[in-house]
Amino acid sequence: MIINISYDSENFPEEKLAGLDEYIVRLSEAVMSGEYTSPRVTRALKDAYAEITFVTPDRIREVNSEQRNIDKETDCLSFPLLELREGEFESIPSSGDFEYDDDGNQVLCFGDIMINPFACEAQAESYGHSFEREAMFLIGHSLLHLLGYDHIDPTDEKIMIDKQKRLMRDIGLAFDDEIKDIYELDNHRDNTQVEGLIPAGTPCEHCGTVALLGRPNVGKSTLLNYITGMKIAIVSHKPQTTRTNIRTIYNTEDTQIIFTDTPGIHKPTSKMGEFMVDRSYKAALGADCVVLIADGRFPEPGAVEKKLMSLLKESDKKVILVINKYDEAGQEKLLPLTQKYSELYDFADVVPVSAKTGKNVDLLLSVITGMLPAGPRLYDSEYMTDQTERVIAAELIREQVLHYTDQEIPHGTAVIINEFREKNDEGEITDGDDRSIVVIKADIICSRDSHKGIIIGKDGQMIKRIGTAARRSIEKMLDCKVFLDLYVKVRTDWQNNDAILNETGLNKDTDE
C-alpha cells in the first residue's frame, strides 16, 4: 500500500507535517499485515494508494458543505472509493475502478483523506499529547473508514475502536491504557477464572467435555479462540483449516470445560480427509455435550448439518445449537432459521452468537456449564490446551501460508517442525524456564512445484512475508524472541503418504 501525502495548509509549518513520514510508513505496513484486511484485499491493495491531504480549516469546511451539507469545520474527512466492509470486499474492484499513471500502467486508488492540522494541533494540546500522536490517530481512523470499518452501530463501533488501538500500537504511538486494553481483550478469560493452581482430581461443580461440530469454515476455531482468549486453533477463510481435534481447557473456580475443536465435516477425498472426519465423529461420541455450529447467513440447514443431526440422534447426545454470524445475516432471519433446525432435532438449547465479536458467548458458556455434571477436574487449572508449543508453532506457520496464498494454493500444505531449541541469554539450551530465544526450523510441505514457486514468491518475497508474520505470532505465544527458518519442499500426494501424515500428527493410527 502506498500513502501519498500532499499539503494545502497555509500558515502551518510543513516540516512539522514531514515529521510524520516515518509513522506513515509504519501505518501502511501495519494495514498490510493481515490484521485489518482479508487476504484478497491485502493482495489487491498491495500496489494501491490512498491520498492524504493536509488542508486549511476553510477548505475542510467547504468540502463538508459541498459533500455532506454540513457547514462545519472538522478535524478529518474520508472518502472511500471502493466498497469494503471490515477489511473485506463487498464488491470486487472492476476495470472502472482503476486509473492510469503517467507511464500508462493501471493503478488503484481506494480513497481520499483530508486532515485539518490546525484542529489536530489544538486537540493535541487539549488532550495533553503530541501533535504526531493526534495526527496519526486521525489518519489511522480515516484509513479504517476507507477499509470499511464504521462506528454507527454499537457492535461496529466496538470493532473499530479495537482496530484503532491496534493501529496505534503497531506504529508505536499507543498509550499505556490502550496497550492494556488490547492485552486484556487478547487475554480476556473471564474474571471469575481461577487464581493459583487447582490440581487435577479436585472436586468441581461442573466438569466435562464439549465437542464443537459443524461444516468447514463455520467459525468453530474463531469461537474457541475467543472463549480461551488465546490463539489455540488457527483461523482462515479457507475451509477445513483445523485438521486434528484440538483440546482446550476453560477453567473457573467451580467449572472446567474441555472443548474439542474438530475438523469441519466434509466429503473426504484422501487419507488425511478420512482421518479428519473420523476424528470429528469420535469427538462427538465421547463428549458430555455437543455444540452444533450453524452459519446464520444460510437460510436453512444444508446436507452437512442434516447428516450431523442424523448421527447425533443415534448417539442420544445433549446438543446445543449455536447460530454463528447471525448478526451478519440480520436479526429477522434468526427465528425462521431456528425453527427449521428445531424441526429436525430436539435441541437442549439454541444460542445465537458472533464468534468474531464475542456477542452472546458468555451466554453460551453459561448454558454449557449448566449441562455438565459435577466431578473431579481432569486437568490442572493452569492447563489451557493439550497441544504442545511445537505443535501450535507449526499451526501458526500454516495459518500464515493460508493467509498469504489464499486461493492460489489449494488446501494442500502441511508444516513439519524439524528443530525447536530453547536458549537463554548465554546461548545455552534451557528447559523453558529462563529461555530468551527459541530457534525453530520448519519445512512447509506442498504437493506441486508450482505451489512451491507461489509460496516462495518472486525473489523470495512471499516466504519472507509468511515467515515474518508467523514469527510475530509465535513470539506472542511463547513470550520471547524467535528465530524462524523456513524451507519449502514438494512431496507429491503427501495427503496419502503415511510417513508424512505421521510426522504431522495426521495419521489415523496415531489417534488415541
* To do: Check F54, F12 and return the single one that is assigned by TED's automatic domain parsing to the domain that holds I159, assigned to a loop (DSSP other than H, G, I, E, B) and touching a residue at least 40 places away in the same chain (Cβ under 8 Å).
  => F12
* Structure fact -> Checked against (1) surrounded by fewer than 19 Cβ atoms within 10 Å (Cβ to Cβ); (2) at pLDDT 90 or above, L82 satisfies every condition except (1)
* To do: Could you list all residues from segment 457-494 that are touching a residue at least 40 places away in the same chain (Cβ under 8 Å) and among the polar types (S, T, N, Q)?
  => S473, T492
* Structure fact -> Given the conditions (1) at pLDDT 80 or above; (2) part of a helix (DSSP H, G or I); (3) crowded, with 22+ Cβ neighbours inside 10 Å, every one holds for L212 apart from (2)
* Structure fact -> Checked E90, E125, E99 against criteria (under 20 Å from E51 (Cβ atoms), out of contact with any Lys or Arg (no Cβ under 9 Å at 6 or more places or on another chain) and surrounded by fewer than 16 Cβ atoms within 10 Å (Cβ to Cβ)); the one match is E99
* For segment 367-390, which residues satisfy the criterion of being among the aliphatic types (A, V, I, L, M) and within 11 Å of R247 (Cα to Cα)? -> M384
* Among the residues of segment 351-381 satisfying the criterion of being within 13 Å of C207 (Cβ to Cβ) and aliphatic (A, V, I, L, M), which is farthest from the chain's Cα centre (by Cα)? -> A374
* To do: Out of the residues in segment 349-394 that are touching a Lys or Arg at 6+ places or on another chain (Cβ under 8 Å) and of a type in the set (V, I, T), state the one that is surrounded by the fewest Cβ atoms within 10 Å (Cβ to Cβ).
  => T357
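Just give me the residues in segment 85-116 being part of a helix (DSSP H, G or I) and either among the hydroxyl-bearing types (S, T, Y) or at pLDDT 85 or above (or both), in sequence order.
Just the residues of segment 85-116 that are part of a helix (DSSP H, G or I), to begin with: 95-97.
Selection gives S95 alone.
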* Select from segment 457-497 the residues that are within 23 Å of the chain's Cα centre (by Cα) and over 22 Å from K423 (Cα atoms) and write down the one among them that is surrounded by the most Cβ atoms within 10 Å (Cβ to Cβ). => I466
* Mind listing whichever residues of segment 56-94 are basic (K, R) and touching a strand residue (DSSP E or B) at 6+ places or on another chain (Cβ under 7 Å)? => R59
* Odd one out for E73 among (1) in a loop (DSSP other than H, G, I, E, B); (2) at pLDDT below 90; (3) surrounded by 15 or more Cβ atoms within 10 Å (Cβ to Cβ); (4) charged (D, E, K, R) -> (2)
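The values are calculated or read from the model by the stated rules, or taken from the named source; none is laboratory data. Every value quoted in this text rests on a predicted model; they were computed, and no experiment measured them. Ideal geometry is used to build each Cβ from the backbone, glycine not excepted, and the neighbour counts take in all protein chains shown.
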